[in-house]
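Chemist: Shown below is the structure under consideration.
The values are calculated or read from the model by the stated rules, or taken from the named source; none is laboratory data. Since the structure is predicted, the reported quantities are computational estimates derived from the model, not experimental observations. Every residue, glycine among them, receives a Cβ derived from its backbone with ideal geometry; neighbour counts consider all protein chains shown.
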Amino acid sequence: MNKQTTVTIKNGPDLFVLERLVPTFSLDVFDCSIAEYNEYLTQEAQRAQNELISVSWLLHERRSGSLAAYMSLINDAIKLNATEKELHHLDYPFRTIPAMKIAKLAVSKTHREQYKSIGTYMIYLATGIAEDTNEIHSACRFITVDADIEHDPNVTAFYTKNGFIPNGEMNNRRSKTISMRKDIMILR
Ligand SMILES: CC(C)(COP(=O)(O)OP(=O)(O)OC[C@H]1O[C@@H](n2cnc3c(N)ncnc32)[C@H](O)[C@@H]1OP(=O)(O)O)[C@@H](O)C(=O)NCCC(=O)NCCS
């Protein structure tokens, strides 16, 4: 087996380029091993983008032009309880805090074999998009995700390693997802 290359903030831009979804991209070859995520990209993402439901970002390998990963981003807001607000030093009289949600995230199976940390790099890139939004247009304090434990019961470990914590207010035991947040004011 070939040695995996670890993707870092430093080598990421040399290895990959992040591009907003456009209709001319070839999507059919993408396989992250979960049919729902493959089908979302090939059948739903462009329509959702046209209808202002989500914006999808594709990570292409520079060398081959192949599609390594994608994520779909949407605006969000989360409700925090008093303890959670205190944790983030949010001294405001309201509970609803602005956020940006990673509505979909998937890394191709073949690229996962070649590279380590593409998913982590995507979180870093999503954080950069949230920071740009904050600087230019509107505020979002958190990056959120509904971690899909139906397809992968261990996936919360990936988000925890990337600085996400569960949202106490927004989870119930029967859900197929776990709502999580990452405070983008905490330095990366
Ligand atoms: C989940 C996913 C995005 C992670 O991407 P990745 O490139 O494999 O993850 P990384 O290499 O950046 O992993 C970072 C760390 O999280 C861990 N991790 C990654 N995926 C994990 C998983 N599914 N379960 C438990 N731990 C996981 C890694 O082992 C690594 O730990 P380490 O730093 O201690 O070595 C990718 O596996 C994927 O696309 N899965 C299928 C689609 C999916 O489940 N998307 C998420 C929906 S909420």
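Chemist: Test each condition in (1) over 14 Å from Thr110 (Cβ atoms); (2) touching a strand residue (DSSP E or B) at 6+ places or on another chain (Cβ under 8 Å); (3) polar (S, T, N, Q) for Asn50 and report the one that comes out false.
Modeler: (2)
Chemist: Here is a further query. Select from the range 146-162 the residues that are within 22 Å of Thr83 (Cβ to Cβ), buried (at least 18 other Cβ atoms within 10 Å of the Cβ) and out of contact with any Ser or Thr (no Cβ under 8 Å at 6 or more places or on another chain) and list them in ascending order. Show your work before the answer.
Modeler: Filtering the range 146-162 down to residues within 22 Å of Thr83 (Cβ to Cβ) leaves 146-147, 156, 159-160.
Okay, now just the ones that are also buried (at least 18 other Cβ atoms within 10 Å of the Cβ), so 146-147, 156, 159.
Answer for the range 146-162, where residues must be within 22 Å of Thr83 (Cβ to Cβ), buried (at least 18 other Cβ atoms within 10 Å of the Cβ) and out of contact with any Ser or Thr (no Cβ under 8 Å at 6 or more places or on another chain): Thr156, Tyr159.
Chemist: A follow-up question, please. Could you tell me which of the residues Thr127, Thr96 is polar (S, T, N, Q), surrounded by fewer than 16 Cβ atoms within 10 Å (Cβ to Cβ) and modelled with pLDDT of 95 or more? Steps first, answer last, please.
Modeler: Numbers: Thr127 fails: surrounded by fewer than 16 Cβ atoms within 10 Å (Cβ to Cβ).
Every option except Thr96 fails the conditions.
Chemist: Quick one: which residue in Arg62, Arg47 is loosely packed, with under 15 Cβ neighbours inside 10 Å and under 16 Å from Leu125 (Cβ atoms)?
Modeler: Arg62
Chemist: Give Lys104, Lys85, Lys116 a once-over and let me know the one that is modelled with pLDDT of 95 or more and away from the ligand (no atom under 11 Å from the Cβ).
Modeler: Numbers: Lys104 fails: away from the ligand (no atom under 11 Å from the Cβ); Lys116 fails: away from the ligand (no atom under 11 Å from the Cβ).
Answer to the check: Lys85.
Chemist: Scan (1) in contact with a Lys or Arg (Cβ under 6 Å, 6 or more places away or on another chain); (2) closer than 20 Å to Tyr40 by Cβ; (3) buried (at least 22 other Cβ atoms within 10 Å of the Cβ) for the single condition Ile74 breaks and write down its number.
Modeler: (3)
Chemist: Between a first residue in the range 1-18 that is within 15 Å of Tyr124 (Cβ to Cβ) and a second residue that is modelled with pLDDT under 95, which pairs have beta carbons less than 7 Å apart while being 6 or more apart in sequence or on different chains?
Modeler: Listed by first residue and then by second, the contacts come to nothing, as the list is empty.
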